[in-house]
Every structure is written in C-alpha cells, then in structure tokens.
Amino acid sequence: MSYVTKPVPLMEMQKEKLVSIKAYESDLEKLKELQKLWSMRTQQEAVSKLVMSGEEVINLQRNLLEAQNRISQLEQQLQQRQAMPQTEAKELVESQPNQLVARVEHLENLVTVLLKKLEDGQFPLTTQGITKSQPPQPKEEEKDWQSVPSEELRKMKARPAVEEKLKRVFQAIANYNDNVASSNDERWYIGNVTLRELSGANGQVIADWINRHQTLVSDHNNKYSLGQYHNKRHKGKLINDVISW
C-alpha cells in the first residue's frame with residue numbers, strides 16, 4: 001500500500017493571485033504561532049502548509065480505513081482456514097507457512113503507525129508508504145547575534161542576522177526621533193521603506209517583522225503622530241544621511 005502527496009512548488013505558489021480571507025482572531029493567532037514554529041516568511045506559506053497538512057490527514061485516514069478493512073478480510077480468511085478439515089488445513093499451512101499471519105501482523109503494524117502519526121500531528125508534505133520517523137537531530141549551538149558588530153552584521157543574510165539587523169535599525173530610528181530630532185520636521189516615520197533603506201533587508205521579510213512587532217512600531221509612530229506619508233516632508237533626503245547604526 002503506498003500513496004504520494006505532491007506538494008505545490010514554491011514558485012507556483014508565488015505566481016498565484018493572493019486573496020483575502022476571514023478568520024477568527026484566535027485562529028489568526030494560532031496561524032502566527034505555526035508560521036513562527038515552521039520558520040516561514042509569510043502567512044500565505046503557513047496557510048498553504050495547513051492546506052497540504054489537511055490533505056495529508058485525509059490520505060492517512062483513507063489508508064487507515066483500507067488497512068482496517070484488509071485486516072478484517074484476512075482475519076476472516078484465517079478463521080475459514082482454521083475451520084478446514086485437519087488434513088486440508090495442514091497441507092495449506094505447509095505450502096504457505098505463516099504467510100497469512102505475517103500479513104495480518106504487517107497490516108496491524110501499519111495501522112499502529114498511521115494512528116501514531118495522526119495523534120502526534122505528523123503530516124509530511126510528500127510521503128510514499130509509511131516510513132519510520134527519524135530521530136530528532138541535535139540543534140546547532142545558537143549564535144549570540146547581539147554580540148556581532150554592526151559592521152559584520154550588515155554583510156550577513158541569514159534569517160537570524162536579518163532579525164538582529166531590523167531590531168538595531170528600529171532602535172536607531174527610535175533613538176533619533178526621541179533624543180536627536182527637535183521637531184516632527186526632523187523625525188522619521190518607521191515603516192517598510194525606512195527599515196529597508198537602513199537595513200538593506202528584503203521588503204517581504206521586513207513586512208513580516210513589522211507584523212510580529214506591530215504594537216512596538218505603532219506605539220512609537222503614534223507617540224509623535226507620524227503617519228505613513230510623513231516622510232515626504234524630508235523632500236528627497238535619505239534616512240541614511242542622518243541615521244546610522
């Protein structure tokens with residue numbers, strides 16, 4: 001018994017048109033937790049994985065039902081053969097020693113694996129047959145990104161490095177607005193553009209960071225009534241000209 005669930009390639013997912021969906025607030029929070037757990041850049045990727053996981057559950061349930069039905073059939077055959085006349089049964093057993101029992105045991109083991117996968121929430125995106133779960137790999141020692149000098153950090157593109165970049169860039173702008181700028185004419189609205197110009201990070205990654213730190217970013221902008229069009233008053237001046245990190 002085997003089955004294959006073909007995942008949707010990332011490039012195909014990116015070509016699809018994005019649409020808006022409605023969700024309960026509690027479900028959205030759970031989606032954000034899964035997105036962080038799966039280390040995904042966007043909520044679209046997390047939703048796609050949830051959809052594929054749901055399809056995997058259906059496949060597992062279908063295979064579980066088929067296995068249970070097959071076990072019932074084999075058990076009936078075993079009972080029928082046990083009820084045969086002794087001589088006929090002996091000839092059958094001698095010609096196929098323990099074959100039927102082995103097949104029943106194999107299917108029972110298969111059902112056990114399927115049930116365990118359902119209980120543990122293990123839904124591999126591409127699966128062929130049932131394979132033994134791999135032992136957890138030891139985690140690599142985490143790097144202390146806070147101790148990395150900014151000059152070195154600017155050259156790094158790893159996701160943890162980008163997270164640290166955005167944290168420092170945000171702090172640099174907030175510190176400038178709080179302690180250097182004397183009026184709103186000198187302050188900068190903190191958004192995707194300003195963070196991208198200072199950090200050099202990808203806009204999609206920055207959008208995800210802002211989404212996860214929405215309260216922090218909004219509180220600072222609201223403190224000085226800075227709106228998304230506020231930076232137009234700087235008349236072409238680049239934020240890199242006045243703020244560094």
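The values are calculated or read from the model by the stated rules, or taken from the named source; none is laboratory data. The structure presented is a predicted model; accordingly, all values stated were derived computationally and were not measured. Note: ideal-geometry Cβ built from the backbone for every residue, glycine included; neighbour counts use all protein chains shown. Note: areas computed on protein heavy atoms with side chains; ligands, DNA, RNA excluded. Shrake-Rupley method; radii C 1.70, N 1.55, O 1.52, S 1.80 Å.
So here's what we get for this one:
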read-out	value
Loop sites in region 145-221: GluC sites (Glu not before Pro), DSSP, at most 14 other Cβ within 10 Å	GLU186
For HIS234, net neighbour charge (Lys/Arg +1, Asp/Glu -1) across residues whose Cβ lies under 15 Å away	+1
Full-extension gain in nm, ASP178 to ALA207, via 0.36 nm per residue minus C-alpha separation	8.1 nm
Accessible-area composition of region 187-243, carbon plus sulfur, in percent [1.4 Å probe]	47 percent
Backbone HN-Hα couplings from phi across region 36-51 [Karplus 6.51/-1.76/1.60, Hz, Gly and Pro as x]	5, 4, 8, 6, 9, 6, 10, 5, 4, 5, 5, 5, 4, 5, 4, 4
Contour minus Cα-Cα distance for TYR24 and GLU75 (0.36 nm per residue)	13.7 nm
Model label zone, LEU238; criterion: amide N under 14 Å from point 7 Å along Cα-to-beta-carbon; scope region 176-213	194-201
Approximate spin-label separation GLU55-TYR224, in nm, with each point projected 7 Å along Cα-to-Cβ	4.9 nm
Gained length - GLU151 relative to THR112, 0.36 nm times residue gap less alpha-carbon distance	8.6 nm
Subset of LYS32/LYS223; LYS36/LYS143; LYS157/LYS235; LYS30/LYS157; LYS167/LYS223 violating a 24 Å alpha-carbon distance limit	LYS32/LYS223; LYS157/LYS235; LYS30/LYS157
